[in-house]
Number of protein chains: 2
Amino acid sequence: MITEALLRLTAKPKFARTALVEFAALEDASRTVNAILSAGIVPATLELMDETAIACIEEALHLGLPLDVEAILLVETDGADEASVLREIEAVAAICRASGARQVKVAKGEAERENLWKARRSVSPALARKAPNKLGEDITVPRSAIPEAVRRLKAISARYGLPIVIFGHAGDGNLHPNILFDKRDPEQWAKVEQMAAEEFALALELGGTLSGEHGVGMLKRPYMEQALGPVSLEVQKRIKAALDPVNILNPGKVFPD
Amino acid sequence: MITEALLRLTAKPKFARTALVEFAALEDASRTVNAILSAGIVPATLELMDETAIACIEEALHLGLPLDVEAILLVETDGADEASVLREIEAVAAICRASGARQVKVAKGEAERENLWKARRSVSPALARKAPNKLGEDITVPRSAIPEAVRRLKAISARYGLPIVIFGHAGDGNLHPNILFDKRDPEQWAKVEQMAAEEFALALELGGTLSGEHGVGMLKRPYMEQALGPVSLEVQKRIKAALDPVNILNPGKVFPD
């Protein structure tokens, strides 16, 4: 049993500046993410929302988000020095404009910043209004493969006839496709299971992983061998056994039988 | 066998600014390190050299370093935006002055920067001129315990009559005490082994670790049980066995028999 943990704390940044950036083409948003990071800028936030996510939020909350763009990026820089943080968000804005952004809104004060964040924070509540259930996945792909991943997710959605809302942490290539459905309908639930399987398959095909931050659990367990191969799985099982020789720590999760 | 490794690269910072800071009292240098980090500034470099290290470099290279201070800090900030990097090193300089620095020299250009780095880079060559052998250790203590660690290292040096030169990565609490000696003298070698044992003991007493970055190997192997306790060691041995079931990966290192 772990009875004590020693944490190393870092100081909270004193200042933050936020930009909401609209892209007519998702491809440009994806290229922009790479351009920002390649310039040596590491924003605190680099969030992507695709057109399905934007439509969903706008329908629920009427924030005035554009319905004719393929993607929005929410970018935030932070640090200990106000002028430096401002300069950095301005550098981000310039890169966005040069990479095909249709509009860049940099928040002028805390109230405006709060307002830009509202869209991102509203995703989950907005989805809850839209359908009784959602299955939020956590696939991660190389950043350059984000447009291809989004295209394939949209194709899955079209093929099964259930909406997939896409948002995520673009700086990490971590996408959260959310399938919207009604679990009381057994046909829909069967579809959702197949759709999730296709999501996992596309992530692996594009050189990505099953999970960026949520972990494996039971749903992704059957895909672990495909994702990691038998040798890696065997080694990981042995490490688990080294830490948990009598298998009392969350048994039956993560590893396929 | 590991036959392939996939590396994630980050962009090299475009700009860097460097400051060399003199402290009459080591205690103030140590407090300054914490003050810088608490202000939310995370320098790329936060190097400490104590008076023995300064004397050693100065004797070898005549760089004009002060011989009447207890410590020098070398601090470097870096980033993608020149003005921001400059503002950050100026904030560092202000904190240093407020924390009792006697002098703060911020390099004005690349040539001056190179010059400030010369002192830090000269430590190892300077030590080689001073004695035939050195034993460089790698103890790490909580940052607030750096002055106490340095005091105890000096006491060890005085007790055994062999110099200990102290420098290290102060931002991580990682000190590199270097015992200078002549291995051809068996009496000196016997002393050095005892001195190293005392260095390890003081690191553990102050809540630190045996190694900050160099690893355990054979020299620190006998101290592993004292450092980690039998339970942690047993778990770590099991993890090693999980990864190396027939014990062919660097056998006999790290774990005490």
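The values are calculated or read from the model by the stated rules, or taken from the named source; none is laboratory data. Everything numeric here is computed off the predicted structure, so don't read it as measured data. Neighbour counts are summed over all protein chains in view; Cβ atoms, including those assigned to glycine, are modelled from backbone coordinates with ideal geometry. Keep in mind that these areas ignore ligands, DNA and RNA; they rest on the heavy atoms of the full protein, side chains included. Shrake-Rupley method; radii C 1.70, N 1.55, O 1.52, S 1.80 Å.
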Requested in this report: Determine which member of the set A:T10, A:T3, A:T52 is hydroxyl-bearing (S, T, Y), surrounded by 15 or more Cβ atoms within 10 Å (Cβ to Cβ) and on the phi < 0 side of the Ramachandran plot.
Outcome: A:T52
Requested in this report: Kindly check whether there is at least one residue in segment A:72-79 that is open to solvent by less than 60 Å² (accessible area, probe 1.4 Å) and without any contact (Cβ under 8 Å) to a residue 12 or more places away in the chain.
Outcome: no
Query raised in the report: Can we say B:L63 is touching a residue at least 40 places away in the same chain (Cβ under 8 Å) and farther than 30 Å from A:D78 by Cβ?
Result: yes
Report task. Could you tell me which residue of segment B:184-213 is nearest to the chain's Cα centre (by Cα), considering only residues that are part of a helix (DSSP H, G or I) and among the charged types (D, E, K, R)? Result -> B:E199
Query raised in the report: Has segment A:92-110 got at least one residue that is closer than 30 Å to B:I95 by Cα, touching a strand residue (DSSP E or B) at 6+ places or on another chain (Cβ under 8 Å), of a type outside the set (F, W, Y) and within 14 Å of another protein chain (Cβ to nearest Cβ)?
Result: yes
Report task. Output the residues belonging to segment A:1-16 that are touching a residue at least 24 places away in the same chain (Cβ under 8 Å) and within 11 Å of chain B (Cβ to nearest Cβ). Result -> A:A11, A:P13, A:K14, A:F15
Query raised in the report: Just for segment A:17-32: of the residues that are surrounded by fewer than 24 Cβ atoms within 10 Å (Cβ to Cβ) and in a helix (DSSP H, G or I), which one is farthest from the other protein chains (Cβ to nearest Cβ)?
Result: A:L26
Requested in this report: Search segment A:214-257 for residues being part of a helix (DSSP H, G or I) and more than 14 Å from chain B (Cβ to nearest Cβ), and hand back the single one that is surrounded by the most Cβ atoms within 10 Å (Cβ to Cβ).
Outcome: A:Y223
Query raised in the report: Based on what the data block shows, is A:V141 under 20 Å from A:I54 (Cβ atoms) and either surrounded by 14 or more Cβ atoms within 10 Å (Cβ to Cβ) or outside the structural domain of A:L48 (by TED's automatic domain parsing) (or both)?
Result: no
Report summary line: Pairs returned, first residue in segment B:20-31 that is at negative phi, second residue that is assigned to a loop (DSSP other than H, G, I, E, B) and among the hydroxyl-bearing types (S, T, Y), beta-carbon separation under 9 angstrom, 6 or more apart or interchain, are B:F23/B:S99; B:D28/B:S99; B:A29/B:S99; B:R31/B:S99
Report summary line: When (1) in contact with a Ser or Thr (Cβ under 8 Å, 6 or more places away or on another chain); (2) open to solvent by 80 Å² or more (accessible area, probe 1.4 Å) are applied to A:E193, the one that fails is (1)
Query - Residue within segment A:33-41 that is closer than 30 Å to B:G171 by Cα, in contact with a helix residue (DSSP H, G or I) (Cβ under 6 Å, 6 or more places away or on another chain) and in a helix (DSSP H, G or I) present - result: yes
Requested in this report: Determine which member of the set A:R113, A:R87, A:R121 is in contact with a strand residue (DSSP E or B) (Cβ under 8 Å, 6 or more places away or on another chain) and either among the basic types (K, R) or open to solvent by less than 40 Å² (accessible area, probe 1.4 Å) (or both).
Outcome: A:R113
